Each structure stands twice: as structure tokens, then as C-alpha cells.
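A.B. asks: Quick one: structure below, then a few questions.
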Amino acid sequence: MKLLGGSAAALAAPHVIRSAWAAGGVLNVTTYDKFLPQEFLDKFQKDTGIEVRVRLTDDQGKQYNLLTAEGANPSTDICTVAGHRYSQFIASKLLQPLDTGRIANWKNLNTAYQDAPWARVDGNLWGLPVLSGYEGLARNVDQVKDAPSWEIMFDPQYKAQTSYIVSDFLTIAMQYLGHDGDFVSYEGKPEVAQKAVNEARDLLIKHKDMVRKYYDAASEVQQMFVNEDIYLAHSWSGAAAKLIMDGHPIQVSVPKEGTFGFCYTLNVVNNAPNAENAYKLLDAILASPEVGAAMTRQSGYSSTINGVGDLLNEREKLALTLPQEEVERIVFFSSVNRDMKNEMIDRATTEVKAA
């Protein structure tokens, strides 16, 4: 999974710059293209007198390298970190723990994100979750009326009509079999982890005849759905959302066994020169679901803010939201034990493809 781009050049020059002095001071934000709506930024600047300077990035590593190079004198007050990269940033002391007591509108954050296990490291929360993506079970609703379980991906009725990214679906298969597909509980237990991976690998090999094609790019699975080469697929939410917004008869859901996702958070940088202004921006984001709705429309990711679904039209709701019970089935990627996970899943992926 590539976390994510946007069309912007990496760490591009600030695109929100005011030459006039700002009565409320300044705020420097490094984030991805389309994450912070311009209308929201304009209103925030008008309301607070704070000059917001946005620097666009397209890569987590580039943010990390910049903050590391600047050390105790960062030029950024807020950066945008994916939850499963927390340990790298925290271990290098690049972020400061989040003080939710300074965010009056924290209650407007969906409860699934307020104190999620992935978001708490060393006893602290570290960022405001703003946008999320997840792995879902996508289906052509004209051909598949319901899909409550991942088991449907192995149903002979849909032989040669399914598709998935092998490396990603291996961890889903582990969850389906009752194992820990994120490997958090396998830290220091490589034998237990390998046994679980082997079971998932063998399941996929046994059911290779179910698969029309293993895919790698979102465009591939989208085209297979459009051509009706497949009726079912493991799909990242963004790829399925695009099909839904384009009017295709696709629906995406989180089956009862659960799934995995990632969450982008806005984090206050350690030694941020304008930390007070950073907290004002975080609070303003949560102040109104209109902000969350604009963020999700622009980015194509799901909002973490309560009430956003009420502001979307029916097609947008279908593409960009989930029922609360399905949101709560998402296990957001942890930064724990990722080296073991990557090594074992990469090897198993090769074995599935070669079988």
C-alpha cells in the first residue's frame, strides 16, 4: 500500500502565504494536497488573525527527514503522520504528546478514534485523526446481494470472479482464520506468527481457482469491475469509492471478521514555535462537521468527525462512509512488529503467486 500522494511536489513551497503581518501570529503546517480545504483555511485566518503557511508533502519519509534535519528548531508546527509510522517519529522525539484538554471540540471526534489502541503510544495520544482509509470487501450489487463474511471470497459460486492484492489479502485471510493479521500480538513469537501466516498462505493456494487475477494497482481492479470480469474483490476504500462515485453498481463493506485501515493524523511537532496556534487549528477542524465533509470530498478518504455523513448526498455516503458498527471493525495498522510482518508476508506472497 502506498501512502499517498497527491499531485503536489514533495515538500513543495508553501502555497498559502500572506505577505501582510498576521495579528494572531503564524502557523506552519506540512500536509498532503487536498487535506485542508482552502475555504476552511481562509475562514480560520479571518477568525483568528493567524497566518497559515502550508507546505505540501507527498511522502512520510520526507517529513521525517526534514524534521530530523531541523532538530530542536523546527520550521513546522503541525505535520501529518500515518498512525503506523508513529514509532519512528516518536522514538526520534519529533512529536509532542497531544493534550486533548486543549481541544474543546474533541468530543466531536468519532469515538472509534478518540482513544484507539494504535493512537496511544507510551501512555500518550500523539495526534488528531482526521482522515482514514481501509481495506474493504467490494462487490457488484447486481450480482452479489450480501457479503457478511470474507468467506464469500472462497465460495465456489464465484469461481474465477474474485480478485485481490495478495500481500494485503494474506493479512485479511489471517483475520478470517482467527489470527492476528497485524502481528502486534506476535512480537517476540516468530514461530506463532509463521504458523498463522502459513495457514493463510495455504488457504489462498487452495482457493487459487477463485481468483480471476491478482492485481497491484487500483486501476486494475476498477477496470475488472467495469468490465464485469469480477463480482467480488478485496479493495482499498479509495478505489471502490471512485467506482461508486462514477455510478457503477459497487458497494464496499467491512465483513464481520474485520479488516485493516490506516489513519492520517495532524501532529504538533516537538518544540513547535507556534504550538498554541497549532491547537487552535486542531480545535477549529473539529468545530463543525462541514469541515470534515469538505476534507473527505476533496481527499477521497473517510472523515473521523461526527456528523459528516449527514452532510453528504446518498452517493457520497455510499462511497465515503460506513455504518458505525463497521467502522469499529477496522483494526488500524500499528507501528509494532512491522519488520517481522513485512518479512513473513513478503515471503508468503511469493509462495502464493508461485504455487
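The values are calculated or read from the model by the stated rules, or taken from the named source; none is laboratory data. Treat the numbers as computed from the prediction; the structure is a model and nothing was measured. Virtual Cβ from ideal backbone geometry, glycine too; neighbours counted across all protein chains shown. Surface accessibility is based on the protein's heavy atoms, side chains included, excluding ligands, DNA and RNA. Shrake-Rupley method; radii C 1.70, N 1.55, O 1.52, S 1.80 Å.
A.B. asks: Using Cα springs under 10 Å in a Gaussian network model of the chain, which residue among ALA233, ALA69, ALA112 shows the largest mean-square fluctuation?
C.D. replies: ALA69
A.B. asks: As I understand it, the dipole of the chain uses +1 on the Cβ of Lys and Arg and -1 on the Cβ of Asp and Glu, about the Cα centre. Which of LEU203, ALA116, PRO273 lies farthest toward its positive end?
C.D. replies: PRO273
A.B. asks: Let me make sure I get this right: for region 156-311, a, b and c are the square roots of the gyration tensor eigenvalues over alpha carbons, sorted descending. Under 1.5 in a/c it's rounded, otherwise prolate if a/b > b/c, else oblate. Which is it? Spell out each step's value before the answer.
C.D. replies: On the way: a/c = 2.92, a/b = 1.42, b/c = 2.06.
Cα axes put region 156-311 in the oblate bin.
A.B. asks: Any idea of the accessible area per residue across region 161-252, 1.4 Å probe, to the nearest Å²? Let's see the in-between values first.
C.D. replies: Values: 3760 Å² over 92 residues.
I get 41 Å² per residue for this part.
A.B. asks: Quote the relative contact order of the chain in percent (integer), defining contacts as alpha-carbon pairs under 8 Å separated by 6+ residues.
C.D. replies: Details: 651 pairs, mean separation 94.1, N = 355.
Relative contact order comes out at 27 percent.
A.B. asks: Subtracting the Cα-Cα distance from 0.36 nm times the residue separation, let me have the gained length for LYS43 to ASP146 in nm, one decimal.
C.D. replies: On the way: separation 103, 0.36 × 103 = 37.08 nm, distance 4.34 nm.
Gain in length upon complete extension: 32.7 nm.
A.B. asks: Please give the contour-minus-distance gain from VAL192 to ALA69: 0.36 nm per residue of separation, less the Cα-Cα distance, rounded to one decimal in nm. Don't skip to the answer; put the middle values down first.
C.D. replies: Values: separation 123, 0.36 × 123 = 44.28 nm, distance 3.93 nm.
The span from VAL192 to ALA69 would gain 40.3 nm if fully extended.
A.B. asks: Where nothing but the Cβ of Lys and Arg (+1) and of Asp and Glu (-1) is charged, how large is the charge dipole of the chain around its Cα centre, in debye to the nearest 20?
C.D. replies: For this selection, approximately 420 debye.
A.B. asks: Restricting the calculation to Cα positions, tell me the Rg (one decimal) and the Dmax (whole number) of region 194-257 in Å.
C.D. replies: Taking only Cα atoms of region 194-257, I get Rg and Dmax of 13.7, 42 Å.
A.B. asks: Can you send over the carbon and sulfur percentage of the accessible area for region 91-179, probe radius 1.4 Å, protein chains only?
C.D. replies: 46
A.B. asks: Under the classification rounded if a/c is under 1.5, otherwise prolate if a/b is larger than b/c and oblate if not, where does region 219-305 fall, given a ≥ b ≥ c as square roots of the Cα gyration tensor eigenvalues?
C.D. replies: Details: a/c = 3.01, a/b = 2.47, b/c = 1.22.
In terms of gyration-tensor shape, prolate.
A.B. asks: Further question: Using +1 on the beta carbon of Lys and Arg, -1 on that of Asp and Glu, and nothing else charged, what's the dipole of region 147-199 about the Cα centre, debye to 20? Walk me through the numbers on the way to the answer.
C.D. replies: Values: 3 positive and 8 negative charges, 30 e Å.
Charge dipole, region 147-199, about its Cα centre: 140 debye, nearest 20.
A.B. asks: Oh, and also: Taking 4 °C and 1.567 mPa s as the conditions, I'd like the Stokes-Einstein D for region 291-348 in µm²/s, using the Kirkwood hydrodynamic radius from alpha carbon pairs. All intermediate terms of the calculation are to be shown ahead of the outcome.
C.D. replies: Working: Rh = 13.6 Å.
Answer from the Stokes-Einstein relation: 95 µm²/s.
A.B. asks: What's the longest uninterrupted piece of the chain once you rule out the trypsin sites (Lys or Arg not before Pro) that are loop residues per DSSP with at most 15 other Cβ within 10 Å?
C.D. replies: 257-355
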